[in-house]
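Just below is one structure, and these are the notes that go with it.
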Amino acid sequence: MRVLTRCTILVCLLSWNICAVAMPTGEDLLSACSATVKQQDGGQLSETELAASLWCVGYLSGFIDAVGLTSSMYGKPAICLPTNGISNDQLVRIVTKWLRDNPEHLHESGRMETMIALAKAFPCR
């Protein structure tokens with residue numbers, strides 16, 4: 001049974017990745033990251049939700065890595081994270097809250113909405 005579950009998750013991840021080649025929208029992020037928040041809050045996830053949750057954490061973690069890299073390359077950063085960083089849980093909740101609070105932006109670029117959410121949460125002074 002575990003092998004079947006793992007294979008199903010792998011197929012979901014691979015097929016999600018194929019769909020995710022196009023730039024994700026805010027709606028895509030909200031859907032995937034809501035599954036992560038559900039899991040963080042103790043909810044049970046379906047296999048599809050689990051795949052979406054893993055994608056969300058991976059996407060946002062990569063985003064933060066890219067922000068750090070570009071900040072060090074180009075000087076002034078757009079986002080000033082705490083010196084001790086933030087957890088993936090906090091990262092997901094910040095972005096998910098922004099998207100839920102601003103549904104008029106869900107059709108827009110997921111990257112841009114993530115940048116706005118984090119810049120508002122961690123402005124540079």
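If you take the square roots of the eigenvalues of the alpha-carbon gyration tensor of region 44-125 and sort them as a ≥ b ≥ c, do you get rounded (a/c under 1.5), prolate (a/b over b/c) or oblate?
prolate
Please arrange PHE63, PHE122 by how many other C-beta atoms lie within 10 Å of their C-beta, fewest to most.
Final ranking by Cβ density, sparse to dense: PHE122, PHE63.
Can you compute 3J(HN,Hα) from phi for each residue in region 93-106, using the Karplus curve 6.51 cos²θ - 1.76 cosθ + 1.60 with θ = phi - 60°, rounded to whole Hz and x for Gly and Pro?
Per residue, the Karplus-derived 3J(HN,Hα) values read 5, 4, 5, 4, 4, 4, 5, 5, 6, 10, x, 5, 9, 4 Hz.
Once label points are set 7 Å from the Cα along Cα→Cβ at both ILE86 and GLU108, what is their separation, rounded to one decimal in nm?
Taking the simple label geometry, ILE86 and GLU108 are separated by 1.7 nm.
If amide hydrogens are placed 1.01 Å from N in the peptide plane, which non-local residues have theirs closer than 5 Å to the one on THR25?
GLY110
Give the lysines whose C-alpha is closer than 24 Å to that of LYS76, dropping any in the same chain fewer than 8 places away, or say none.
LYS120
None of the figures in this text is laboratory data; all of them are computed from the coordinates on show. Quick caveat: nothing in here was measured; it's all calculated off a predicted structure. Because the Cβ atoms are built from the backbone with ideal geometry, glycine has one as well, and the counts that use them run over all protein chains shown.
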